[in-house]
Amino acid sequence: MLNFKYYSPTSIIFGKNSVENLGAQIASDVKTVLFHFGGGSIKRSGLYDQVVGILKEKKVKIVELGGVEPNPKLSLVREGIALCRQHQVDLILAVGGGSVIDSAKAIGVGVNYEGDVWDFFMGKAKPESCVPLGVILTIPATGSETSPNSVVTKEEGLMKRGLKSDLIRPAFAILNPELTLTLPEEQTFAGIMDILSHVFERYFTTTTPVDVTDLMCEGVMKATIENAYKLRKNPDDYDARAEIMLAGTVAHNGILGVGRLEDWASHRIAHEITALYGTTHGVTLSIIFPAWMKYVSAERPEKFVQFAQRVFGVSQEAFADPAEIANEGIRRFEAFLTDMGLPKSFKEADLPEDQLDLMTDKATLFGALGGYRKLEAADIKAIYKMAL
Ligand code: NZQ
Ligand code: ZN
């Protein structure tokens, strides 16, 4: 196990009716709140009215900024920064999914920065402060409710880039699984794929031994898969919604990655699909992960053998060698994706296949990717090709 420091300051308030706790989470010295949300789902569900009611009761000034699109855009972040400066906002409340939360985080770090907030996403500067953030989560997927990450798209050049800083971990996150009952089917299962992928990015490591985190990862993967099947049968299953919501947070609050080298190549490779075509994040991962798994396991099957045996119950006896066990695990993972209605290729997702060079160039802008196996541009192009 590698040495590590772990910091996770977010208060999590979880369960039915948990939004009622919002008022108690807002410190008494907060005077002005930027209420940040997406395209309308919170108005349809009644959550918008509930939040406004609670903020009014707290007698805070509300500055509204809705309209965050999936895969949030830099232009709205800039608008948010200007609003925060104008109204001296002292809390940003993000109500929605990863896109709203990430937009709020980017606004938060931009307010007291004299340069261009995009500098943080290009690695040109490091955030030194962030306006305090609160979250009400409406879709379990990205883990952004407790993560130190924000992913934003710059419209010019279609650049989708991430920023990482402990300063942007929210102060509190309210998680009510009931709020997820209104999710469209595609978002539910794309979210589940994203959750699994956050475990994969940590699970597939060259660090050994890492028994505790391996077993934690495997537990989260198994529970996520089991409850995904329950939601496929019955989307109104509250208990399954609750398990998935908790899995989403645990998968990306960093605890599963402590003491081990992480990977993250697949996320970078997948982001380029969203950047060009606006494809839902979890869908791009379901396209890329099977190809990535096949590509890297051909050279390093070890961890894939463990994955096959412990997560998908592949028995050693039935197969002649480790490579076959590894392949069977990947095959069962692909079968899971099919069962969840998720595409496993560009073709199944109905995406154009003619921009692989551009995507490869953008994905490798800062050099090689990956931890489990280092991937150069030629490897990444090969993975895109395998995903066609
Ligand atoms: O905009 P509204 O109307 O709210 O609709 C949203 C949106 O269309 C809808 N939705 C959300 N909750 C709903 C709902 N519809 C009905 N009922 C509800 N309860 O779902 C759509 C997708 O929302 P979005 O916030 O985009 O989804 P998600 O949470 O998957 O976020 C995706 C973004 O997060 C980034 C992704 O790259 C992508 O940009 N990620 C952020 C990470 C982080 N900050 O740590 C890590 C991830 O790996 C990921 O990269
Ligand atoms: Zn993700």
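The values are calculated or read from the model by the stated rules, or taken from the named source; none is laboratory data. Please read all numbers here as calculations on a predicted model, not as lab measurements. Here the Cβ is made from the backbone with ideal geometry for all residues, glycine too, and neighbour counts use every protein chain on show. When the accessible area is computed, the model is the full protein with side chains, heavy atoms only, and any ligands, DNA or RNA have been set aside. Shrake-Rupley method; radii C 1.70, N 1.55, O 1.52, S 1.80 Å.
Once the Cα-Cα distance is subtracted from the 0.36 nm per residue extended length, the residue 57 to residue 361 segment shows a gain of 104.3 nm. Mind jotting down the distance between the C-alpha centroids of segment 11-65 and segment 199-215, whole Å? A separation of 37 Å, based on Cα centres. When you count the other C-beta atoms within 10 angstrom of each residue and take the mean per peptide, 107-120, 277-290 line up highest first as 277-290, 107-120. Only Lys, Arg, Asp and Glu carry charge here, each on its Cβ (+1 for the first two, -1 for the last two); on that basis segment 11-179 has a dipole of about 40 debye about its Cα centre. Here is how the number arises for the chain: DSSP H runs of 4 or more residues each give -39500 (n - 2.57), the sum is divided by the residue count, and the result at 222 nm is -15000 deg cm²/dmol. How charged is the neighbourhood of residue 90? Take every other residue with its Cβ under 15 Å from the Cβ of residue 90, and add Lys/Arg as +1 and Asp/Glu as -1. Within the 15 Å Cβ shell, the charges total +4. If both residues of a DSSP beta bridge must be in the chain, then about 25% of such bridges are antiparallel. Simple rule: put +1 on each Lys or Arg Cβ and -1 on each Asp or Glu Cβ in segment 44-104, find the dipole, and look at 80, 55, 97; the Cα lying farthest toward the positive end is 55. Oblate is the label for segment 197-283, because a/c, from the alpha-carbon gyration tensor with a ≥ b ≥ c as root eigenvalues, is 1.5 or above and a/b does not exceed b/c. When Rg and the Kirkwood Rh are both derived from Cα coordinates, the Rg/Rh ratio for segment 183-386 amounts to 0.95.
Helix 211-233 and the long axis of the chain differ in direction by around 80°, with both axes built from C-alpha atoms. Think of each Lys and Arg Cβ as +1 and each Asp and Glu Cβ as -1; about the Cα centre, that makes the dipole of the chain roughly 720 debye. At a 1.4 Å probe, what is the % contribution of carbon and sulfur to the accessible area of the chain? Ligands and nucleic acids excluded, carbon and sulfur give 51 percent.
Projecting the Cα atoms of 292, 151, 115 onto the charge dipole of the chain (Cβ charges, centred on the Cα centre) puts 115 farthest toward the positive pole. Computed 3J(HN,Hα) for segment 165-177, one whole-Hz value per residue from the Karplus formula 6.51 cos²θ - 1.76 cosθ + 1.60 where θ = phi - 60°, is 6, 4, 5, 9, 5, x, 6, 9, 9, 9, 10, 10, x, glycine and proline marked x. In this calculation the C-beta distance from residue 316 to residue 116 is compared with R0 = 45 Å, giving a FRET efficiency of 0.25. Over the chain, how many percent of alpha carbon pairs lie in each 10 Å bin up to the one with the longest distance? Histogram of Cα-Cα distances, whole percents per bin: 5, 24, 34, 25, 10, 2, 0.
Applying 1/(1 + (r/R0)^6) with R0 = 25 Å to the Cβ-Cβ distance of residue 181 and residue 64 gives a FRET efficiency near 0.50.
Across segment 359-370, coupling constants 3J(HN,Hα) worked out from phi with the 6.51/-1.76/1.60 Karplus curve, θ = phi - 60°, read 5, 5, 4, 5, 5, 9, 3, 9, x, 5, 10, x Hz, and Gly and Pro carry x.
Rounded, prolate or oblate: pick one for segment 138-257, where a ≥ b ≥ c are the square roots of the eigenvalues of its C-alpha gyration tensor, a/c under 1.5 means rounded, and failing that, prolate if a/b is larger than b/c, else oblate. Oblate, because a/c is 1.5 or more while a/b does not exceed b/c.
In the full protein context, the chain carries 42 Å² of accessible surface per residue, based on a 1.4 Å probe and ignoring ligands, DNA and RNA.
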